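Note sheet for the following structure.
The values are calculated or read from the model by the stated rules, or taken from the named source; none is laboratory data. These numbers come from a predicted model, not from an experiment. Every residue, glycine among them, receives a Cβ derived from its backbone with ideal geometry; neighbour counts consider all protein chains shown.
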């Protein structure tokens, strides 16, 4: 079988592959694999030390430009640094470490500090947390203003009384529910509360809840 066809079939069948894997299957060097695939629409994982590759046409990027496949993460922006800059610049009010972690799906403790002074990002301490903003002089003031307004809103519990109790009970009964699904479930029970309000409620009390696709 032609090497090009073989490699294409491997991508189509496995979705994600490694260069050593292709090298072993074809009995050729990694350099040969790189030469054959040069010019292809390949994408490389920004985690797992960039070990995994796929084709852009196979990816299903979310609204942040992130694609997760079997706990392997890819970005339409390229490597981790470029992706970090992009999601922070595209955010409406900057992002703290927990928000970055939720979007990227990786532990920020392993890389965030080393990027604190990278061009395109501006780090500011607000309260007890560091928040990462766009380095663009035009975007930074807007993001900072929105962040401060949001912090003022979070100075008081977003939910109180029976509604707060209903949200907590539903979250405990269905820990696998996303915020959207939790909101829909509560609505069926007669409690109307938006996913963003639930997110703010959890954040106010320091409750961990994955929010993979909520800005």
Find the residue count for segment 120-144, including only residues that are surrounded by fewer than 14 Cβ atoms within 10 Å (Cβ to Cβ) and in a strand (DSSP E or B).
2
Among the residues that make up segment 149-170, is at least one of them at pLDDT 90 or above and within 21 Å of the chain's Cα centre (by Cα)?
no
Lone unmet requirement of (1) in a loop (DSSP other than H, G, I, E, B); (2) within 19 Å of residue 206 (Cα to Cα); (3) free of Cβ contacts under 8 Å to residues at least 40 places away in the same chain for residue 167:
(1)
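Restricting the search to segment 37-53, which residues are assigned to a helix (DSSP H, G or I) and surrounded by fewer than 18 Cβ atoms within 10 Å (Cβ to Cβ)?
Quick first cut of segment 37-53, residues assigned to a helix (DSSP H, G or I) only: 37, 48-50.
Hits for segment 37-53 are 48, 49, 50.
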Select from segment 89-111 the residues that are surrounded by 16 or more Cβ atoms within 10 Å (Cβ to Cβ), part of a loop (DSSP other than H, G, I, E, B) and in contact with a helix residue (DSSP H, G or I) (Cβ under 6 Å, 6 or more places away or on another chain) and list them in ascending order.
93, 94
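Matching residues to (1) within 21 Å of residue 110 (Cα to Cα); (2) outside the structural domain of residue 135 (by TED's automatic domain parsing):
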| position | (1), (2) |
| --- | --- |
| 10 | no, yes |
| 18 | no, yes |
| 31 | no, yes |
| 40 | no, yes |
| 50 | yes, yes |
| 61 | no, yes |
| 90 | no, no |
Which residue out of 117, 176, 213 is assigned to a loop (DSSP other than H, G, I, E, B), modelled with pLDDT under 90, out of contact with any helix residue (DSSP H, G or I) (no Cβ under 9 Å at 6 or more places or on another chain) and closer than 25 Å to residue 68 by Cα?
176
Criterion violated by residue 111 - all others in (1) farther than 23 Å from residue 198 by Cβ; (2) in contact (Cβ under 8 Å) with a residue 24 or more places away in the chain; (3) in contact with a strand residue (DSSP E or B) (Cβ under 9 Å, 6 or more places away or on another chain) satisfied:
(3)
Looking at the structure I just gave you, is residue 55 closer than 17 Å to residue 5 by Cβ and in contact (Cβ under 8 Å) with a residue 24 or more places away in the chain?
yes
